[in-house]
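Structure record follows, encoded as structure tokens.
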Amino acid sequence: MKHFTIHNLQSAAPKARPILEGLEWMVGFVPNVFAVMGGSATALNGFVEVTK
């Protein structure tokens, strides 16, 4: 089974942090599905745009 890192605001990629901060502000926490993509701002931004 593949292991995925669940990022937080400190471990996320620098460009992904503002996106995660915005999600935390809107939802009150960072859902794991978004936190897993915290290592790649490109992937995270794309997924956020698709799920709007």
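Tabulated results
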| read-out | value |
| --- | --- |
| Condition met for residue 1 (modelled with pLDDT under 95 and in a helix (DSSP H, G or I)) | no |
| Residue, surrounded by the most Cβ atoms within 10 Å (Cβ to Cβ), within the range 32-52, restricted to residues that are in a helix (DSSP H, G or I) and among the polar types (S, T, N, Q) | 45 |
| Counted residues, the range 4-31 - those being exposed (fewer than 11 other Cβ atoms within 10 Å of the Cβ) and in a helix (DSSP H, G or I) | 3 |
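The values are calculated or read from the model by the stated rules, or taken from the named source; none is laboratory data. Quick caveat: nothing in here was measured; it's all calculated off a predicted structure. Don't worry about glycine lacking a Cβ; one is built from the backbone with ideal geometry, like all the others, and counts go over all protein chains shown.
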